[in-house]
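Down below is the structure, laid out as structure tokens.
Just so you know, all these numbers are worked out from the coordinates, no wet-lab data involved. Note that this is a predicted model, so its numbers are computed, not measured. Neighbour counts are summed over all protein chains in view; Cβ atoms, including those assigned to glycine, are modelled from backbone coordinates with ideal geometry.
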Amino acid sequence: MKANRRFRIVGIILLVLGILAIGAGSILLPGLIVFGVFCLIGSYFSFGIIEVEEKYCLVIQRFGKFNRIAQPGLRIVFPVIEKVKVKLFTALQPYDLRTTEKEPLTEIDFKDGSARLTKPVTVYFTIRDPFRAVYTVRNYADWINDNIFPLVTRYLGLLRIREAHDEGLGKGNLFVLIKDAEQYFKKKQREIQEALLALEQEIQNKPRLRHRYSGELNLYKTELRRIDDVLSTLAALKRDSDQVLEKAKEHGLEITEVLLVDYDLPEQIKRAREKPLIAMREREAAEEEARKEAILRIAPIEQTTGAFVDLGWPEREARERAFEIDMSESLAEKGALSAGWPFVVREAASIAEKVWGRKKEEPIFEIIEGILNVLKKEKGGEKE
């Protein structure tokens, strides 16, 4: 024990004093008595008195059998007949789970792939009964590993990577996660059952659509079967975890938490997960571009519609004519829209009113169309 060094130093000093006193004992008898006393005191200071640190305890055996638990403070261990079997840390402590090869558990197999843990799975426990922790199991750390490891691998093996990573069912305290996962899959089961019922009702009302919905119907049924299996396994896991916790108490251990941390997904999974995000961003960009183009295209059509309405056209017919003009007209260059049409229509109507005496309230599209044809020919002549 590290704390016994000073006592051993004291014992060595006393033994040296006893050796020096033997010289006096060769002349005087009291020297022998002093030597014996010094040797006795020194031996006890060297081997008999032990300081036990806070949050630790000692399991002490006498003649090879358990005798007592030494709590923190100064304690006496009689030399020869007693020995310290083991020194235990009694506060909350971590233990990293290991595989059968005694390597840290760093890779997990999920339902649809595997992923590496950013940190090992850690069990937090406390030794409540040192006697049971030492004498009822060969090695309490191995017992924890052998009983908790299967629970972790069975639970995570039920989940898909998305459920563990995105839905948070694979990060946190294992005992809490089992309960949360049960609630999550029950909710998902209800949602799929409702969707399946609605789909079957739709097929019943429209039997000719059965072939169209057959794929979706099979997906719902397959997922329901998987959820039933998951819920059944979760119920078994809950029972097994409760039994492990009770068994741990029988061995003097209190397991507080089994902590699962985040995962580092493989590159191929990352790329596969990024594809929908990239596609969504491209779709949003295309929709925004289409929206801007629609605004640019509709604006002049609205202006042309307004010009025809001013000439007395009903709004519906005016809008149809505006669309026809916008679709067929080739006055604008590539990429340009019919922004100049309102001016052309109004000018043509004004000329028609002055020359032919037509009123704006009368439909004069035929006259306007004739004037526009002339304008088109002139425009074509200028280009030539």
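A DSSP coil position with no more than 16 other Cβ atoms inside 10 Å describes the following trypsin sites (Lys or Arg not before Pro) in segment 166-248: Lys171.
Shown in residue order for segment 231-242 are the 3J(HN,Hα) couplings computed by the Karplus curve 6.51 cos²θ - 1.76 cosθ + 1.60 at θ = phi - 60°: 5, 5, 5, 5, 4, 5, 4, 5, 5, 5, 5, 5 Hz (x for Gly and Pro). Backbone amide hydrogens, once placed in the peptide plane, bring Asp96 within less than 5 Å of Val123, excluding anything fewer than 5 places away on its chain.
Close amide H partners of Lys85, meaning residues 5 or more places away or on another chain with modelled amide H under 5 Å apart, are Val59, Ile60, Gln61.
Using all Cα-Cα distances in segment 76-142, what percent lands in each 5 angstrom bin from 0 up to the longest? Histogramming segment 76-142 at 5 Å steps yields 3, 12, 17, 17, 14, 12, 9, 7, 4, 2, 1, 1, 0 percent. Over segment 93-265, the Kirkwood radius and the radius of gyration, each from Cα atoms, give a ratio Rg/Rh of 1.13. Amide H contacts for Glu107 (H built 1.01 Å from N in the peptide plane; partners 5 or more residues away or on another chain; cut-off under 5 Å): Leu117. Simple spin-label estimate for Phe323 and Phe78 gives 10.9 nm between the two label positions (7 Å along the Cα-to-Cβ direction from each Cα).
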